[in-house]
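Chemist: Here's a structure for you.
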Amino acid sequence: MRRPPAPCPMEDPASSEGIAVICLTISLTAYLAGCIIMGDLFSLMVALASLMVLFGFCIGCVVRERWLEWKARCRFGTLSADGCAINEPSL
């Protein structure tokens, strides 16, 4: 039986705005340093994340859920040091 998903941490606007500000700050810094490609990448990440939120998909929620899942597997010994599954319990 699969447990219900945890509430989305990005529902709090301050969280998602903080991530956007960090990415845009990195982008601006990259542009000022002359790294146009890196600046474009971080700007594009913010634009795509904003577009996906308009359609009801929160990438931050997915990344957080996968991260917590991975940490739990490491804690309970179902992952080896290199990240490969070992002794995976069957559901």
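Chemist: Quick one: which of Gly77, Gly39, Gly83, Gly60 is assigned to a helix (DSSP H, G or I) and at pLDDT below 80?
Modeler: Every option except Gly60 fails the conditions.
Chemist: Step by step: first the residues of region 1-27, then only those that are at pLDDT 85 or above and touching a helix residue (DSSP H, G or I) at 6+ places or on another chain (Cβ under 7 Å), then the one that is surrounded by the fewest Cβ atoms within 10 Å (Cβ to Cβ). Which residue is that?
Modeler: Leu24
The values are calculated or read from the model by the stated rules, or taken from the named source; none is laboratory data. None of these values were measured; they are calculated from a predicted model. Using ideal geometry, Cβ is built from the backbone for each residue, glycine included, and neighbour counts are taken over all protein chains shown.
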